[in-house]
């Protein structure tokens, strides 16, 4: 293994366990919060998951506001609206409750509350000038990992592309990981989010800037997710939901402090153009891009196969490496991930523009194997025709 100098910092304190959501008022007090903005989507509110947060804040005598205009693949104008609504309310803590969209929206609003301006100005790497309004993240899906990552993803609606705010200051101060929040998650969401978390771990482990620390997180996340996802989709209980939450958060630590790669580049292009669920977009692409990337590092991909439960003893390393492609295809099939061709909105005539968008993605240089617009185009076509 080639050893390079690198730096790892995990700025988020993780609190894990049953009932942790009820401790949010105490956590706000620890951050000296007096006026809180809760960011959640209407589905999370309707499911009753915001109610314990509000009750905990009331118990501590903390004033709160609610922003519920969160949608999948959060738009730039919605982030701006959230900022404009609450810029003069002296918000000193933001609570994000929900999936990745709630957390991305909350982080981006937190950026604007301390920086102002247009959110797109702050999209890029290490552009922030000061800390953002502190965020407490409460995930209600097991997939995004956004509760521990230094990223906020925002859709540029003019270009129909996803942009990333990438800065250590964007990472939440606290993550409250409560497995009870996903016990009643619809199976389709559990499946898509679970494959999303798997993709985070796989790409964190194989990307060009992976480190020994992130490798350790990534391999464990692959193993625990592969052991629990099918049952969490079909027969959720506290044990498999807890394991999925652990796997998702650990995968978040892995890719948050290394990177993603070609799968995400393509999935974000699809999400930006067609507004597809991010986890589904990743899942539809994962086997195809993995098959392309395997020659970059047969040993690492063989290790992934082993973490997925494949008995690789006696296999040639190259053969063992390709076994993970088959396993990903089977996993996606078992949890009923749709095919690209199942979506009528996806048009092969768009693949040229999608390939260009994928190549522009900030993670493209970190794909384990050299990749460009032409290859992205071929991979879109191959994934669509599977």
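The values are calculated or read from the model by the stated rules, or taken from the named source; none is laboratory data. Only a predicted model underlies this, so the values are computations on that prediction, with no experimental measurement involved. Using ideal geometry, Cβ is built from the backbone for each residue, glycine included, and neighbour counts are taken over all protein chains shown.
Tell me whether segment 112-120 contains one or more residues that are within 28 Å of residue 23 (Cβ to Cβ) and part of a strand (DSSP E or B). Steps first, please.
In the first step, residues of segment 112-120 are kept if they are within 28 Å of residue 23 (Cβ to Cβ); the result is 112-114.
From what is left, the residues that are part of a strand (DSSP E or B) are none.
No, segment 112-120 has no match at all.
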Determine which member of the set 309, 271 is in contact with a helix residue (DSSP H, G or I) (Cβ under 7 Å, 6 or more places away or on another chain) and over 30 Å from residue 75 (Cα atoms). 309
Members of segment 353-386 found to be free of Cβ contacts under 8 Å to residues at least 12 places away in the same chain and either under 19 Å from residue 260 (Cα atoms) or surrounded by 16 or more Cβ atoms within 10 Å (Cβ to Cβ) (or both), listed by number: 370
Looking at residue 286, is it outside any helix (DSSP H, G or I) and in contact (Cβ under 8 Å) with a residue 12 or more places away in the chain? no
From the option list 221, 197, 175, single residue qualifying as closer than 29 Å to residue 47 by Cα and either in contact with a strand residue (DSSP E or B) (Cβ under 7 Å, 6 or more places away or on another chain) or assigned by TED's automatic domain parsing to the domain that holds residue 113 (or both) is 175
Looking at segment 129-159 only, could you name the residues that are under 30 Å from residue 353 (Cβ atoms), out of contact with any strand residue (DSSP E or B) (no Cβ under 6 Å at 6 or more places or on another chain) and surrounded by 17 or more Cβ atoms within 10 Å (Cβ to Cβ)? 141, 143, 144, 145, 146, 149, 150
Among the residues of segment 178-192, which ones are closer than 27 Å to residue 11 by Cβ and surrounded by 23 or more Cβ atoms within 10 Å (Cβ to Cβ)? 178, 179, 181, 182
Report yes if some residue within segment 191-210 is out of contact with any helix residue (DSSP H, G or I) (no Cβ under 6 Å at 6 or more places or on another chain), part of a loop (DSSP other than H, G, I, E, B) and either touching a residue at least 24 places away in the same chain (Cβ under 8 Å) or closer than 30 Å to residue 351 by Cβ (or both); otherwise report no. yes
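State whether the residues of segment 308-317 include one that is in a helix (DSSP H, G or I), modelled with pLDDT of 95 or more and surrounded by fewer than 19 Cβ atoms within 10 Å (Cβ to Cβ).
First, pick out the residues of segment 308-317 that are in a helix (DSSP H, G or I): 317.
From the residues that got through so far, the ones that are modelled with pLDDT of 95 or more too are 317.
Those still in the list that are surrounded by fewer than 19 Cβ atoms within 10 Å (Cβ to Cβ) too: 317.
Checked against the condition, which is being in a helix (DSSP H, G or I), modelled with pLDDT of 95 or more and surrounded by fewer than 19 Cβ atoms within 10 Å (Cβ to Cβ), segment 308-317 yields at least one hit.
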All but one of (1) surrounded by 23 or more Cβ atoms within 10 Å (Cβ to Cβ); (2) in contact with a strand residue (DSSP E or B) (Cβ under 9 Å, 6 or more places away or on another chain); (3) modelled with pLDDT under 95 hold for residue 279; state the number of the condition that does not hold. (2)
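Among the residues of segment 49-62, is there at least one that is crowded, with 22+ Cβ neighbours inside 10 Å, outside the structural domain of residue 192 (by TED's automatic domain parsing) and not in a loop (DSSP other than H, G, I, E, B)?
To start, the set of residues in segment 49-62 that are crowded, with 22+ Cβ neighbours inside 10 Å comprises 50, 53.
Narrowing further to those that are outside the structural domain of residue 192 (by TED's automatic domain parsing): 50, 53.
This time we only want the ones that are not in a loop (DSSP other than H, G, I, E, B), so: 53.
The answer is yes; a qualifying residue exists.
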Quick check: anything in segment 25-32 modelled with pLDDT under 95 and surrounded by fewer than 16 Cβ atoms within 10 Å (Cβ to Cβ)? no
Yes/no for residue 37 being part of a helix (DSSP H, G or I), farther than 21 Å from residue 183 by Cα and touching a helix residue (DSSP H, G or I) at 6+ places or on another chain (Cβ under 7 Å): no
What pairs come out if I take residues in segment 24-52 that are on the phi > 0 side of the Ramachandran plot and pair them with residues that are modelled with pLDDT of 95 or more and surrounded by 20 or more Cβ atoms within 10 Å (Cβ to Cβ) whose C-beta lies under 9 Å away, six or more apart or interchain? 32/93
For segment 21-30, indicate whether the set of residues that are outside any helix (DSSP H, G or I) and within 26 Å of the chain's Cα centre (by Cα) is non-empty. no
Go through segment 325-352 and give me each residue that's out of contact with any helix residue (DSSP H, G or I) (no Cβ under 6 Å at 6 or more places or on another chain), crowded, with 16+ Cβ neighbours inside 10 Å and in a helix (DSSP H, G or I). 327, 331, 350
